[in-house]
1. Students often get this wrong, so check it: of K74/K166; K13/K160; K55/K160; K30/K55; K55/K86, which have C-alpha atoms separated by over 27 Å?
2. Report the extension gain between A14 and Q43 in nm, rounded to one decimal, defined as 0.36 nm multiplied by the number of residues separating them, less their alpha carbon distance.
3. Of H59, H79, which has the most accessible area with a 1.4 Å probe, and how do the rest follow in descending order?
4. Could you sort T27, T78 by their accessible area in this structure, using a 1.4 Å probe and putting the largest first?
Amino acid sequence: MAIGIEEWIERAKAGDPEAFEPVIRMTQQKLYRYCRFVLMDDQEAEDAVQDILFKAYRHLGSYRGGNAMSWLYKIAATHCATLLRKKGRRERLMSMLSAMSGGTEKSAEQAFADSAGVRLDWLGRLSPAEREIVVLRVLADMPFEEIARVAGIRPPAARKRYERAKAKLQQNYSKVREVVYHERGYEC
């Protein structure tokens, strides 16, 4: 019988230094997918996962049993929110400096999108909170009760936010599809 994440965490919490390694192996990809969609950046997501797992190890005492993935996603949500706040401040400063110097340098993502003729902005139109809920529901396949715990809201609010985000994605996708079809000479 395979040992679950919860038991490995309990062993690590009890002082077994080797017990956290299986937790890392079992959760690293799931946490990466979550961070990738919330942060919208591969490298930031990789760095974030390392930080999240380190924080989880340091704060094993805060694990109170139950669903270990929810506990880890809660740590990830807090960490990603902090990163996004810092990133927002940094981007505002960089845009101010760019405006002052008259620079018009594009981001790497925008340069790629322009060169490939691809529009990457439709998913980015979701707020970080909306992306978080969509990722937890779609990629982590979490029930709304667990999503609510991770996001710090009530389950009906989690469900409502998910429905709004889904509608927003569908609306954005329809608009992007129309523009791309029109640009390429297709009819919708």
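The values are calculated or read from the model by the stated rules, or taken from the named source; none is laboratory data. For clarity, every value in this text was computed on a predicted model and none was experimentally measured. Surface areas here come from the heavy atoms of the whole protein model, side chains and all, with no ligands, DNA or RNA. Shrake-Rupley method; radii C 1.70, N 1.55, O 1.52, S 1.80 Å.
1. Details: K74/K166 22 Å; K13/K160 36 Å; K55/K160 31 Å; K30/K55 16 Å; K55/K86 18 Å.
Flagged as over cut-off: K13/K160; K55/K160.
2. Numbers: separation 29, 0.36 × 29 = 10.44 nm, distance 3.30 nm.
Result for the pair: 7.1 nm of gain on full extension.
3. Working: H59 85, H79 15 Å².
Descending accessible area places them as H59, H79.
4. On the way: T27 0, T78 80 Å².
Correct descending sequence by accessible area is T78, T27.
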